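The values are calculated or read from the model by the stated rules, or taken from the named source; none is laboratory data. These numbers come from a predicted model, not from an experiment. Positions of Cβ are generated from backbone atoms using ideal geometry, with glycine treated the same way; all protein chains shown enter the neighbour counts.
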Amino acid sequence: MNFRLLHTDTNTAARCAELYTDHGTIPTPVFMPVGTRASVKSVEPHELKEQQAHIILANTYHLYLKPGNAIMEKAGGVHRFMNWQGPLLTDSGGYQVYSLSELRKITEEGVTFKSHLDGSMLQFTPENVVDTQRIIGSDILMPLDECPSSTAEREYIRKSGEMTIRWAERAKQHFSLTRPLYGHGQMLFGITQGGTHADLRTISAKALVDLDFDGYATGGMAVGEPAEEMYRILELSHTLLPEHKPRYLMGVGTPENILNAIERGVDMFDCVIPTREGRNGRVYTRHGKMNLRSAKYSEDFSSIDEGFDNDVCRNYSRAYIRHLLNVGEILGLKLCTLQNISFFMWLTRTARTQIQNGSFREWKESFLEQYKRND
Ligand code: PRF
């Protein structure tokens, strides 16, 4: 058993648990900072630990293209390569193929695409994506899936969802026929698809549960549908997915989306928001988002969030960080990134404590009220 439920909320579906990996225990709910190319942009692994990050995410698509499997294997896997000794999850690359590469062709066998780096033709299959993740050595592997656009027709989503089930079966079979390379264990999650169609989601979730994965991700969300639709699918998933396995909502999201998903039983999240927005000078605080590039902070010598317990809020003023951004000093975007990672870690950590105390819903409502006042 690599997942243990510690507390289930009595008035919502929220829960707190522990997910065990050979690189450490992950307390959930948890947010995973994104380190696509084996780097959480501008942040060193020891700094991630200082912000209390428990697990990070990297991408099979990018790492397969560069540095490639030969170098990754010589490095002894991603943990040694980047000197991150904590847990790491890799997305399968399917989603990135759809968003980054041209000329992709999806067939039963897999997906062929043109590399966005050098234009060469490549193929991902459910099997070789498992092989690449064995070489990367991630603690949690994701199978190849197809994430249809939110505007796709129901019939397309139905057929694609059925193919994603067959791909999941092939991934699971190949996973059970292959072994980890570096002495630490690896887990394989399943990814449900089906868009916002309740019947298609039900078929997808049931088929994946029958295949018995180590955890279950809800894919195909946050692709442009209204948040209420996503919440409805999460409520449905909660009734279909096993209680004693982790649930991961892929690519989500804003603080508000995250808390509403935790309320509906989600345990794990990843999103580029804290890192990407940080590089644009947008910082997250308990009082909402701020754009530190704005001239209105040029003489504001107060902390970003007075009393927030991290180095950025303790040591630097809004005016100083605004100045760094304004003159293009790289420290500016790094401090904004650190603030955001620290904030998202605080958010899920606090949600966890509030679930344990039985006060999650009240806390969520009062937090969001304060947070959204300046949003
Ligand atoms: N599938 C995979 N990765 C993802 C998604 C998905 O559907 C999403 C959904 N927006 C984010 N990342 N494999």
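Some notes on this structure:
- Contact map, the range 287-307: residues that are closer than 20 Å to Pro274 by Cβ paired with residues that are in a loop (DSSP other than H, G, I, E, B) and of a type in the set (D, E, K, R), Cβ distance under 8 Å, separation 6+ or inter-chain. Pairs shown: His287/Asp305; His287/Arg373; Gly288/Arg373; Gly288/Asp375; Lys289/Asp375; Asp305/Arg286.
- Within the range 76-99, if we keep just the residues that are hydrophobic (A, V, I, L, M, F, W, C) and surrounded by 21 or more Cβ atoms within 10 Å (Cβ to Cβ), the residue that is farthest from the ligand (Cβ to nearest atom) turns out to be Trp84.
- Any chance Glu162 is away from the ligand (no atom under 13 Å from the Cβ), within 25 Å of Glu263 (Cα to Cα) and either aliphatic (A, V, I, L, M) or out of contact with any Ser or Thr (no Cβ under 8 Å at 6 or more places or on another chain) (or both): no
- Given (1) within 16 Å of the ligand (Cβ to nearest atom); (2) of a type outside the set (Asp, Glu); (3) more than 18 Å from the chain's Cα centre (by Cα); (4) surrounded by fewer than 16 Cβ atoms within 10 Å (Cβ to Cβ), number of the condition Leu241 does not satisfy: (4)
- The residues of the range 157-190 that are within 20 Å of Ile26 (Cα to Cα) and either among the hydrophobic types (A, V, I, L, M, F, W, C) or not assigned by the TED database to the domain that holds Pro143 (or both), listed by number, are Met187, Leu188, Phe189.
- Residue among Asp267, Asp309, Asp300 that is closer than 21 Å to Val30 by Cα and surrounded by fewer than 19 Cβ atoms within 10 Å (Cβ to Cβ): Asp309
- Candidate set from the range 253-264 (those that are closer than 18 Å to Ile355 by Cβ and touching a strand residue (DSSP E or B) at 6+ places or on another chain (Cβ under 6 Å)); member that is surrounded by the most Cβ atoms within 10 Å (Cβ to Cβ): Ala261
- Leu249 vs. criteria buried (at least 22 other Cβ atoms within 10 Å of the Cβ), over 30 Å from Phe213 (Cα atoms), modelled with pLDDT of 95 or more and in contact with a strand residue (DSSP E or B) (Cβ under 8 Å, 6 or more places away or on another chain): no
- Residues of the range 158-207 satisfying the condition of being buried (at least 20 other Cβ atoms within 10 Å of the Cβ) and among the aromatic types (Phe, Trp, Tyr): Trp167, Phe175, Phe189
- Segments classed as helices (runs of 4 or more DSSP H), wholly inside the range 38-127, with at least 2 members that are under 19 Å from the mean Cα position of the chain (by Cα): 45-50, 60-65, 78-82, 94-100
- Of all residues in the range 110-122, those satisfying the criterion of being surrounded by 14 or more Cβ atoms within 10 Å (Cβ to Cβ) and touching a Ser or Thr at 6+ places or on another chain (Cβ under 9 Å) are Gly110, Val111, Phe113, Lys114, Ser115, His116, Leu122.
- Scanning the range 49-69 for residues that are out of contact with any helix residue (DSSP H, G or I) (no Cβ under 7 Å at 6 or more places or on another chain), buried (at least 17 other Cβ atoms within 10 Å of the Cβ), under 17 Å from Thr348 (Cβ atoms) and not β-branched (Val, Ile, Thr) gives His54, Leu57.
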